[in-house]
Amino acid sequence: HLEKKGTVVCVGGGTGIAVLHPITRGLKDVGNHVIGIIGARTQNLLIMEDNMRAASHDLRICTDDGSYGHHGFVTDVLKEILDSQDVAMVVAIGPIPMMKFVCGITKEYGVSTMVSLNPIMVDGTGMCGGCRVTVGGKTKYACVDGPDFDGHQVDFDEAMRRQQMYKNEEQEAHQCRIGLGRA
Ligand code: FES
C-alpha cells in the first residue's frame with residue numbers, strides 16, 4: 001500500500017533501518033518527497049546509511065552519544081520537521097520504545113503513522129499466539145495480520161512487556177553459546 005501522499009518521513013532505529021529501507025525506496029518511487037531519519041546508539045552501530053541516502057531526498061542522521069550526526073534521538077529531529085513543514089505520513093521502524101515515542105509525537109500533530117512490529121514469533125501461521133499484539137483494543141497476530149499497523153492504535157506498553165518475557169532464557173542461551181564458542 002505505497003501511495004503518493006506528499007511529504008513522508010521515514011524514521012528508522014537500529015536494525016529496523018534494514019526493514020525501513022525498501023519501504024523508503026518504494027515511497028520515493030511512487031512520487032513522494034521522502035525525508036529519512038535514521039539513528040543508532042553510536043556511529044559504529046549505524047547501518048545502511050548509503051542505501052537510505054539513495055532512497056531519500058533528504059537524510060538526517062542521529063546518534064545517542066553524538067559520535068555522528070545530530071547528538072540525540074530521532075524524535076528530536078522528527079519534531080523539528082513536523083514544526084516546519086506539512087507531513088502527510090510517517091513510517092517508523094525500530095525498537096519498540098522508539099516507535100512508541102514517535103507515535104506519541106505524531107499523534108499530537110495528527111499525522112498518520114505506520115509502524116512495523118517485531119514481536120517474538122514461533123510458527124508464523126497465526127496459531128501459536130506468540131506474536132500477539134493489541135491494536136485498536138483488538139487482539140492481532142503480527143505474523144498474519146501485520147507486521148505493519150497503524151501506530152496510533154498499538155498498545156506499545158503491552159508489546160514491551162511481552163518482548164521481555166523470555167529475557168532470562170535469552171540471556172542463558174546467549175551465555176551458553178558463548179561458553180560453547182570458547183570450548
Ligand atoms: Fe505464532 Fe504469529 S508467530 S501466531
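No lab work stands behind these numbers, since they all come straight from the coordinates. Remember, predicted model here, so these are calculated numbers, not experimental data. Positions of Cβ are backbone-derived with ideal geometry, glycine not excepted, and every protein chain shown enters the neighbour counts.
Put a dot 7 Å past each Cα toward the Cβ at Arg53 and Ser84; how far apart are the dots in nm?
The modelled label-to-label distance comes out at 1.9 nm.
Taking N as the number of residues in the stretch 24-183, what value does Rg over Cα atoms divided by 2.2 N^0.38 Å take?
1.17
Can you work out the base-10 log of I(q)/I(0) for the stretch 1-101 at q = 0.15, 0.16, 0.17 1/Å, using the Debye formula on its C-alpha atoms alone?
Scattering profile of the stretch 1-101, log10 relative to I(0): -0.51, -0.59, -0.66.
Place the peptides 91-99, 150-158 in order of packing, highest mean first, counting for every residue the other Cβ atoms within 10 Å and averaging per peptide.
The densest-packed peptide leads the list: 91-99, 150-158.
Multiplying the sequence separation of Thr134 and Glu3 by 0.36 nm and subtracting their Cα-Cα distance, what value in nm do you get?
Going from the current span to full extension adds 44.6 nm.
Please give the contour-minus-distance gain from Glu169 to Val122: 0.36 nm per residue of separation, less the Cα-Cα distance, rounded to one decimal in nm.
Working it through step by step, the gained length comes to 15.4 nm.
Please give every one of the lysines within straight-line cross-link reach of Lys100, meaning a C-alpha to C-alpha distance under 17 Å, and leave out same-chain neighbours fewer than 8 residues apart.
Those lysines meeting the cut-off are Lys79.
To the nearest 500 deg cm²/dmol, what mean residue ellipticity at 222 nm is calculated for the chain from DSSP H runs of n ≥ 4 alone, each contributing -39,500 (n - 2.57), summed and divided by the residues?
Value at 222 nm, helices only: -12000 deg cm²/dmol.
Quick query: amide H of Arg60 versus all other amide H atoms, modeled in the peptide plane; which residues come in under 5 Å with a sequence gap of 5 or more or a different chain?
When sequence neighbours closer than 5 places are left aside, the close amide H contacts are Gly36, Ile37, Ile38.
Give the span of the stretch 77-153's Cα atoms along each principal axis, as three whole-Å numbers ordered largest to smallest.
The Cα atoms of the stretch 77-153 stretch 45, 21, 16 Å along the principal axes, largest first.
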